[in-house]
Amino acid sequence: MKDLLRTHDLCRADVELLLDTAADFAVNPLRSNTALANKTVAIYMTKPSTRTRLSSETAVAHLGGTPIFIRGDELQLGRGESIADTARIISGYCSALIIRTFAQSDVNELGMHASIPVINALTDDDHPTQLLADWLTIREQFGNDITGRKFVYLGDGNNMSHAWLLMGAIMGAHVVTATPEGKWAPDSRVVEIAQKIAAQSGGKIETTHDPEAAAKDASVLYTDVWMSMGDSENERDEKVVALSPFAVTENLMALTQKDSVFMHCLPAHRGEEVEASVIDGTKSVIWREAYHRRTTIQSLLYHLVRGDLKGSSQ
Ligand code: CP
Ligand code: NVA
């Protein structure tokens with residue numbers, strides 16, 4: 001496996017390896033501090049980022065390398081140079097490319113033409129690196145045995161919902177998304193892929209439009225912003241009305257298991273997708289989750305550059 005373009009590029013063994021190493025990095029961040037010595041990693045972002053940018057830059061530094069951050073308007077790509085030529089050029093200087101942008105097809109094309117690992121740091125369709133951090137947080141919380149546990153995503157059927165479905169399927173989990181019907185439900189092609197993966201992993205994928213039924217006896221309630229980067233502001237009012245029933249409230253949390261947790265990829269909008277008393281309450285694990293963005297990206301870079309990952313056949 002050369003690139004991480006989509007969450008389901010990973011197989012379960014890859015995820016387990018990445019999480020084991022990330023857990024080591026959480027305890028000892030400088031364990032492999034010469035792995036990227038004299039090497040550079042390009043981080044190219046055409047959308048804003050706090051966590052992914054900072055965790056990527058610090059991860060590279062902890063591995064002994066040098067991050068080169070490039071904003072969306074700073075490459076000749078914006079002036080018509082092709083993705084293929086850009087990929088070849090970056091491959092000549094850098095050991096990996098981390099990219100955050102809009103179209104998944106652009107990231108796929110970069111991966112195809114780059115000879116170095118390309119890592120999807122969020123597209124309109126997926127957010128694989130976030131799910132590594134999320135799953136390490138879940139493993140810390142519940143251990144390796146997740147039998148009988150239900151992992152629920154509520155809100156917009158966006159990139160995060162896709163990543164949640166796909167990673168849950170890979171890990172053999174019972175995953176539920178609770179979203180509005182229609183245009184704010186997860187992409188049916190992604191649901192189908194997740195169901196196929198789950199059929200082999202022993203997982204279970206469900207999509208519903210009933211937040212209470214989804215939350216009942218859940219181990220995790222997860223949510224994300226209602227307006228993603230790139231979403232049309234013209235739809236905001238309609239979207240807020242449609243998504244309001246899926247806000248994570250104290251009432252919804254009360255339906256969950258005793259040892260349940262609340263998760264959020266952040267940034268959060270208190271009072272919209274989640275009540276402040278939930279995200280700032282005792283069941284919230286958001287700060288551990290955010291911390292693991294660095295440990296997991298560090299692990300991903302470490303193993304991808306060494307060529308340790310097998311990849312999936314999906
Ligand atoms: N969760 C996440 O990807 O955060 P940023 O947008 O700040 O990188
Ligand atoms: N769905 C959000 C995730 C941010 C980490 C977005 O794409 O803006």
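Some points to look at:
- Where Arg53 falls short, out of the listed (1) closer than 26 Å to Trp287 by Cα; (2) over 17 Å from the mean Cα position of the chain (by Cα): (2)
- Val60 meets the conditions (1) within 20 Å of Pro128 (Cα to Cα); (2) within 16 Å of ligand 1 (Cβ to nearest atom); (3) open to solvent by 30 Å² or more (accessible area, probe 1.4 Å) in every case but one. The failed one is (3).
- Within the range 215-237, residues that are on the phi > 0 side of the Ramachandran plot and of a type outside the set (Gly, Ala, Ser) sit with their Cβ atoms under 9 Å from residues that are open to solvent by less than 60 Å² (accessible area, probe 1.4 Å) and more than 16 Å from ligand 2 (Cβ to nearest atom), at 6+ positions apart or across chains, in these pairs: Asp217/Lys150; Asp217/Thr256; Asp217/Ser260.
- Any chance Thr256 is more than 23 Å from the chain's Cα centre (by Cα), surrounded by fewer than 17 Cβ atoms within 10 Å (Cβ to Cβ), among the hydroxyl-bearing types (Ser, Thr, Tyr) and away from ligand 1 (no atom under 16 Å from the Cβ): no
- Within the range 163-187, the set of residues being open to solvent by less than 10 Å² (accessible area, probe 1.4 Å), within 15 Å of ligand 2 (Cβ to nearest atom) and assigned to a helix (DSSP H, G or I) comprises Ala163, Trp164, Leu165, Leu166, Met167.
- Considering only residues in the range 256-289 that are closer than 20 Å to Leu132 by Cα and assigned to a strand (DSSP E or B), the one that is farthest from ligand 2 (Cβ to nearest atom) turns out to be Val261.
Every residue, every condition in (1) in contact with a His (Cβ under 7 Å, 6 or more places away or on another chain); (2) farther than 24 Å from Met1 by Cβ; (3) open to solvent by less than 20 Å² (accessible area, probe 1.4 Å), yes or no:
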site	(1), (2), (3)
Asp14	no, no, yes
Leu18	yes, no, yes
Ala22	yes, no, yes
Phe25	no, no, yes
Asn28	no, yes, no
Arg31	no, no, no
Ala37	no, no, no
Val41	no, no, yes
Pro48	no, yes, no
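- Test for Val190: is it within 16 Å of ligand 2 (Cβ to nearest atom), within 23 Å of Gly271 (Cα to Cα) and in contact with an Asp or Glu (Cβ under 9 Å, 6 or more places away or on another chain): no
- Test: Leu221 is in contact with a Phe, Trp or Tyr (Cβ under 7 Å, 6 or more places away or on another chain), away from ligand 2 (no atom under 15 Å from the Cβ) and aliphatic (A, V, I, L, M): yes
The values are calculated or read from the model by the stated rules, or taken from the named source; none is laboratory data. Just so it is clear, the model here is predicted, and its values are computed rather than measured. In this analysis, Cβ positions are derived from the backbone assuming ideal geometry, glycine residues included, and neighbour counts consider all displayed protein chains. Accessible surface is based on the protein model in full, side chains and every heavy atom, while ligands, DNA and RNA are left aside. Shrake-Rupley method; radii C 1.70, N 1.55, O 1.52, S 1.80 Å.
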